[in-house]
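Report on one structure; see the data block that follows.
The values are calculated or read from the model by the stated rules, or taken from the named source; none is laboratory data. All of these numbers come straight from a predicted model, not from anything done at the bench. Reconstructed Cβ throughout: ideal geometry from the backbone, glycine too, with neighbour counts over all protein chains shown. In case anyone asks, the SASA skips ligands and DNA or RNA and just uses the protein heavy atoms, side chains included. Shrake-Rupley method; radii C 1.70, N 1.55, O 1.52, S 1.80 Å.
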Amino acid sequence: MSTIDPPPLDQTPIRTGIIGYGLSGRIFHAPFIAANPRFSLEVVATSHAGRQAVARSQHPAIDTVNTPGELIERGLDLVVLASPGHAHLEQGLAALAAGSAVVVDKPFAASVAEAEQLIAAAEAAGRPLMVFQNRRWDGDFLTVQKLLTEGVLGTVHRFESTFERWSPGLRDRWQDTTTSAQGAGITFDLGSHLIDQALLLFGPATIADAELSILRKGGVSDDESFISLLHASGTRSHLTISRFAGQNGPRFRVLGDRSAFTIYGLDTQEPALMAGGSPTDERFGAAPEDTWGTVGITGSGEFPLTKVPTERGHYAGFYAGVAATIRDGAALPVDPRGALETLRIIEGVHGFTRERR
């Protein structure tokens, strides 16, 4: 009996450009593209001279250009939109029309209608469109997924997910100076992650309740948000997001009919990158033991509270999936239609709260 070797994978470097080099482009995209040999990071587009200098210092082989159009006209294999949400439609349509695959940062777009236009354009062009929901690869979230898969918690009736920061002053950045009508505000920003995670774990959902607040003086979009979702599976998700929290609640608290799980703190990958770390560092993505979460039932002798090792965070998995999609024909690492459902809920939350005013 003979066997036929599979065809070799296409190892041609994926010629890549990044539009925008603020926090997202500099921390969440460029390091992982540069660390993956299947990519060739070739150009960054930003009109900010200081950010151009930072990009060249961190990646000496790249070019920098002032406008998205100059980058797109190069006909790259992949264009990454690390730009404000209200710019994604125009830039995404142009990149797809130029024949490039596109990675679009969250928020996917400023509205459901704009996201649907991008999906239709990608399908018409026959090019991959992938939404950067990198927190599917957070170590704490991967731990929750593992516990659910193993059945440790039983049937989950409540999923609590909290992402809070202390940032009491407004800064000169698009998230603080742009309105929610243009895709800004904490629900579009961090809420994109929490809603995406809840839908991934427990399936389709409707909005049971929602609260949006502008707490910081001079703010023009929501900086605190609470969303209650009722999933078709029966689980309720309570999602809390804030830029004005002096103390943080648990990152996750998951309550099931067999046990529960609680974990505090945030995934280690972002702070490691902010401190100058690299995805190639030996311990990158690993969580210290003193940050591990706890599974069990308070006061129970049968199911005592027990520390659970946190799965290793792996943002590099997203770009490994991008490469496999572009070169090997693999499934999209994040399907834009799933991201569209997240955007439907975000848009619905804004409508829900407007009706109650």
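Of all accessible surface on the chain at a 1.4 Å probe, what whole percent is carbon and sulfur? Mind showing how you got there, number by number?
Working: 8300 of 15930 Å².
Using a 1.4 Å probe with all protein chains present, the chain comes out at 52 percent carbon and sulfur.
Classify the range 95-179 as rounded, prolate or oblate, taking a ≥ b ≥ c as the square roots of the eigenvalues of its Cα gyration tensor: rounded when a/c is under 1.5, otherwise prolate if a/b is larger than b/c and oblate if not.
It comes out oblate by the Cα gyration axes.
Would you mind getting the accessible area per residue of the chain, heavy atoms of the protein chains only, 1.4 Å probe, in Å²? Don't skip to the answer; put the middle values down first.
Working: 15930 Å² over 357 residues.
The answer is 45 Å² per residue.
Given DSSP loops and a limit of at most 10 other Cβ atoms within 10 Å, what is the longest stretch of the chain that contains no such GluC sites (Glu not before Pro)? Write down the numbers at each step before the final one.
Details: sites that count: E282, E302.
It runs 1-281.
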Problem set entry | Qualifying lysines (Cα of each under 23 Å from Cα of K307; at least 8 residues distant if same chain) | K146
Problem set entry | Value of [θ]222 nm, deg cm²/dmol, for the chain, DSSP H segments ≥ 4, -39500 (n - 2.57) each, nearest 500 | -9500 deg cm²/dmol
Problem set entry | Selection from T149, A94, W137, by position along the positive dipole direction of the range 67-207 (Cβ) | T149
Problem set entry | Amide H contacts of A101 (H built 1.01 Å from N, under 5 Å, at least 5 apart or other chain) | L78, V79
Exercise. For A210, which sequence-distant residues (separation of 5 or more, or a different chain) have an amide H within less than 5 Å of its own amide H, given hydrogens modelled in the peptide plane?
Worked result: S228
For this session: Output ³J(HN,Hα) for the range 294-310: one whole-Hz value per residue in order, computed from phi by the Karplus curve 6.51 cos²θ - 1.76 cosθ + 1.60 with θ = phi - 60°, and x for Gly and Pro.
Result: 10, 10, x, 10, 4, x, 8, x, 7, 10, x, 5, 9, 5, 10, x, 6
